[in-house]
Amino acid sequence: MAAGSCLLLLLLPSLVTALHSPPGCKIRITSKGLDLVKQEGLRFVEQELQNITVSDLHGNEGQFQYNISQVKVTDLQLAFSDLNFQPQQHLVFNINNASISLRFRRQLLYWFFYDIGSINASADGVHIYTVLQLAKDEAGRLKISNMTCNASIARMHAGFSGTLRKVYEFLSTFIVTGMRFLLGQQICPSLEHASLVLLNSLLDTVPVRNYVDEHIGIDYSLLRDPSISTDTLDLDFKGMFFPRVREDQELENHAVEPVIKETERMVYVAFSEYFFDSAMHSYFQAGVLTIELQGEKIPKDLEVLLRATFFGTIFMLSPSVDAPLRLVLQVSAPPRCIIKPSGTSVSVSAFLNISLVPPDRPPVQLSSMAVETKLSAKVFLQGKALRVQLDLRRYGESPMGAWGESPPHPTQNCFLLSRFRIYSKQSALESLALFSLQAPLKTLLQLTIMPIINERTKKGVQIPLPEGMDFTREVVTNHAGFLTVGADLHFSKGLREVIEKYRPVPTAAAYSSSRPAEPSLDPSSL
């Protein structure tokens, strides 16, 4: 019994870790962000309610027979509405004292008198209360998993015109009561379809697992259901890159879990060191962290210096003294990202092989040296893409700043002090001889190799937001082990525009079966 208890205590930490895997990426939407969503959502609800289809209403009262058809919503007034967070997984959308204006066609038969025309009606005191439950689906995508809805209409009145206006006013109780019932029955089904079908199709535009480039992909699947408080909605994403050659590869996350405490901006996105480490690990696994320079790609001054440094070795290779040089820089281990409040850096270990390449003969290695460097990293947003630009210089090293243009924008985190060191893998004596190459090789790395790396990664990786929603006024802030991007949001496309873009095209059969029948003008059909 005691042995079993000890075993359970030993296994408990691993069980807790398995149940709560730390996210590589975390997104917080605040009440300010929800207010913006409410404005766009209200326009969307208005459009949905305007498309309500109400069944024809027909009946008789004594010798009177009536038919109400072609009901159409002409105007909506949704002045009093609210959208709130409701712990633990819900959003509450509440509309009070709204009004809906209608227009429909009337047909009346009384003995041998037949009357047709239109009726304008208004439903007032409309109250709609909906609760949306948010959850993670099997694919790790955020979805509206359930919806509850209650709708009521306090009063409804109609205006009549035509030769039998008095008759219609007599029958208004039957007509208005029937229309009020039918309209009330259509509000919730319409909003349920809008939420569970249309809005979920919008959430389908959020990238979950997709390719970044020809070498790696990103997994943005949710780790768990969203966590909702009275002021915030938090989403924990896996935030793990993977090599396309081994898409099932998993990298364990031992990094610090991002913690978002701020609520001033509409949205916050946090990235841990694991997010960046998995990207570099994936590139390393894909075998693309190798750069080769040969011939004219090597700066002339550096070539002269290299030939002078290895003059003795080259002289012994006569008559191939004038053969071109080749430099191969190959990363020897996955680079590591270090995020501190003072800035972000990337530690890299690599091998630099210098060879002579005689024509029609095998290459001759002149030297193989180890390179250790700590690169400064600038993390910033461009649109919805998170980008990282690497540099060997620290900010303020050149008169125009490390970018050659101007100091970093306040929304971009600044540099950490860079480090660069080379040494021989063979002997300490050769390391001493290579000391004169350190500054020129650092310049080569900065002016020739760093632009190649930054060009490869300039596309960045998309942050998981729905299509049509973009960031504005971004601010990047560093913390111990993670960084956050605080921003406001705006809609570059309306919800309706995005939904219509991805709406399935209905078949002809489905269209004809769902289309309401045209009303008959023949009195005998009443």
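Table: residues versus (1) open to solvent by 40 Å² or more (accessible area, probe 1.4 Å); (2) of a type in the set (F, W, Y); (3) at pLDDT 90 or above.
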site	(1), (2), (3)
T74	yes, no, no
F80	yes, yes, no
P87	yes, no, yes
N96	yes, no, yes
V126	no, no, yes
L132	no, no, yes
M147	no, no, yes
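Applying the condition of being part of a helix (DSSP H, G or I) and in contact with a Gly (Cβ under 8 Å, 6 or more places away or on another chain) to the range 464-501 and asking which residue is least open to solvent (accessible area, probe 1.4 Å) yields V498. The numbered conditions (1) touching a Ser or Thr at 6+ places or on another chain (Cβ under 7 Å); (2) surrounded by fewer than 21 Cβ atoms within 10 Å (Cβ to Cβ) are all true for V245 except (1).
Determine whether E252 is open to solvent by 50 Å² or more (accessible area, probe 1.4 Å) and closer than 23 Å to K340 by Cβ. So E252 fits the description; yes. On the given criteria, is V304 among the β-branched types (V, I, T), assigned to a helix (DSSP H, G or I), more than 21 Å from the chain's Cα centre (by Cα) and farther than 28 Å from L142 by Cα? The answer is yes for V304. Scan the range 18-52 for residues that are assigned to a helix (DSSP H, G or I), open to solvent by 80 Å² or more (accessible area, probe 1.4 Å) and at pLDDT below 90 and report the count. Residues that pass the stated criteria total 4.
Remark: pairs (first residue in the range 174-191, open to solvent by less than 70 Å² (accessible area, probe 1.4 Å); second residue assigned to a helix (DSSP H, G or I); Cβ separation under 6 Å; 6+ apart in sequence or on different chains) = S190/E48. Filtered by the rule that a residue be farther than 26 Å from E455 by Cβ, hydrophobic (A, V, I, L, M, F, W, C) and assigned to a strand (DSSP E or B), the range 256-291 gives V267, A270. Taken over the range 332-370, the criterion of being within 43 Å of the chain's Cα centre (by Cα) and open to solvent by 30 Å² or more (accessible area, probe 1.4 Å) is satisfied by S332, A333, P334, R336, I338, K340, P341, S342, S347, S349, F351, N353.
The values are calculated or read from the model by the stated rules, or taken from the named source; none is laboratory data. Because the structure is a prediction, the values reported are computed rather than measured. Positions of Cβ are generated from backbone atoms using ideal geometry, with glycine treated the same way; all protein chains shown enter the neighbour counts. Protein only, heavy atoms only, side chains kept; ligands, DNA and RNA dropped before computing areas. Shrake-Rupley method; radii C 1.70, N 1.55, O 1.52, S 1.80 Å.
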